[in-house]
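Written below as structure tokens is the structure these notes are about.
A short reminder: the numbers here are calculations on the coordinates, not readings from a lab. In this text the structure is predicted, and so the values were computed from the model without any measurement. With ideal geometry, Cβ positions are generated from the backbone for all residues, glycine too; neighbour counts draw on all protein chains shown.
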Amino acid sequence: MDTKRTVLITGAAGFLGSHLCDRFVKEGFSVIGMDNFITGDKKNISHLANHTNFSFIEHDVTEYIKIDGELDYILHFASPASPIDYLKIPIQTLKVGSLGTHNLLGLAKAKNARILIASTSEVYGDPLVHPQPEDYYGNVNAIGPRGVYDEAKRFQESLTMAYHRFHGLEVRIVRIFNTYGPRMRLNDGRVIPAFMGQVLRGEDLTVFGDGLQTRSFCYVDDQIDGIYKLLFSDYSFPVNIGNPTETTILEFSKEIIKLANSNQKIVFRPLPVDDPLQRKPDIALAKKLLNWTPKISQKEGMKITFNYFKNLSIEQLHRKNHKDFSSYNKR
Ligand code: NAD
Ligand code: UDP
């Protein structure tokens, strides 16, 4: 009999999902990756293709999910995550957070598995409390363009807690703050790949608004470690995982110019609707509960990430078109 513990990871071909697959394979789990590639890339998991502890199912999680055999854990990370992605595929974003989560909770219940779902700092919207602790209810515009993501994630949390309370399902909820690192899509529009792609192509850096809005960036290895610890904790309510080092986007653009040793200019563009003015995690709970704090400094993490993008092919660097979502939008 196989005694290896089995984990299903949705969004496996995406940025965070692929790093989670690596971590769980490394820890000796039998990992089943699932993805429909809507924003992900096969290349992110190609190195695992022949690994005996890894298998992959191409599937849209908003459709009924069938898994043969036992499952011990589920990590639900499938969802568009970049503002330009979820603005282009708003309905798929709402569906994966609602119908997709419902399917995965049902699967967890059927298999008696523990499930961890990927929530986000966007549940706090444009926060009026700073930094954001888990007991802050947020300031979200449900009907604005970002509402499709924020409300999908808020519904996801609500549904997950209902399964916990009503069915006694073992659940974990991670509220992820801006995370970056290798395998992000260079053209996914998020600020770090956007600025790094711009300096590498010799283009001006596009700062939205006056650039005084803040973000707090967490390096991927720290994020994965926090998620791993949360899964094996006994806490069912949401936990923030992020790096509290806060910076303005303008300051940050200057740091990237410095890091790249480039003399590109900064140009200002309109601030997207409902773009949060400030964001910084309060991580007191994660520290206490998980004995977790981020270890990798922004300087170190940025250097690793910049080197990753620098080593992409010329073709990848200049592929400026965003992903083609036309076939999904017809559905
Ligand atoms: P990503 O776009 O790189 O990965 C998401 C993956 O989910 C992609 O591979 C995509 O193809 C897949 N997917 C989407 N819809 C699907 C569906 N219906 N069926 C199957 N697969 C589907 O994004 P990411 O940054 O890796 O984010 C992963 C998760 O973490 C998301 O749930 C996101 O909301 C959450 N999150 C990420 C961040 C961050 O800073 N990276 C911050 C907050 C929350
Ligand atoms: N941003 C920017 N220029 C860009 C891309 C993003 O100034 O080319 C800003 C964006 O307006 C936001 C911040 O950078 O204030 C972070 O944006 P991102 O899309 O990475 O994620 P968000 O934190 O808004 O979800």
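Brief remarks on what is shown
- Taking region 287-319 as the range and being touching a Gly at 6+ places or on another chain (Cβ under 8 Å) and farther than 16 Å from Phe217 by Cβ as the test, the residues that pass are Leu290, Trp292, Leu317.
- From the options Glu315, Glu255, Glu251, Glu300, residue that is outside any strand (DSSP E or B) and within 24 Å of Asp85 (Cβ to Cβ): Glu315
- Selection of region 108-126 for residues being within 16 Å of ligand 2 (Cβ to nearest atom) and either closer than 18 Å to Leu159 by Cα or surrounded by 21 or more Cβ atoms within 10 Å (Cβ to Cβ) (or both) yields Ala118, Ser119, Thr120, Ser121, Glu122, Val123, Tyr124, Gly125.
- Of the numbered criteria (1) assigned to a loop (DSSP other than H, G, I, E, B); (2) without any contact (Cβ under 8 Å) to a residue 24 or more places away in the chain, the one Ser262 fails is (2).
- Phe155, sole failed condition from (1) touching a residue at least 60 places away in the same chain (Cβ under 8 Å); (2) part of a helix (DSSP H, G or I): (1)
- Qualifying residue in region 232-246 (condition: part of a helix (DSSP H, G or I) and more than 13 Å from ligand 2 (Cβ to nearest atom)): no
- When the helices (runs of 4 or more DSSP H) confined to region 31-143 are screened for residues that are closer than 22 Å to Ser326 by Cβ, within 9 Å of ligand 1 (Cβ to nearest atom) and touching a residue at least 24 places away in the same chain (Cβ under 8 Å), those reaching at least 2 such residues are found at 83-88, 90-95.
- Region 163-222 holds strands (runs of 3 or more DSSP E) entirely within its bounds, and those carrying 1 or more residues that are within 8 Å of ligand 2 (Cβ to nearest atom) and over 18 Å from the mean Cα position of the chain (by Cα) map to 205-208.
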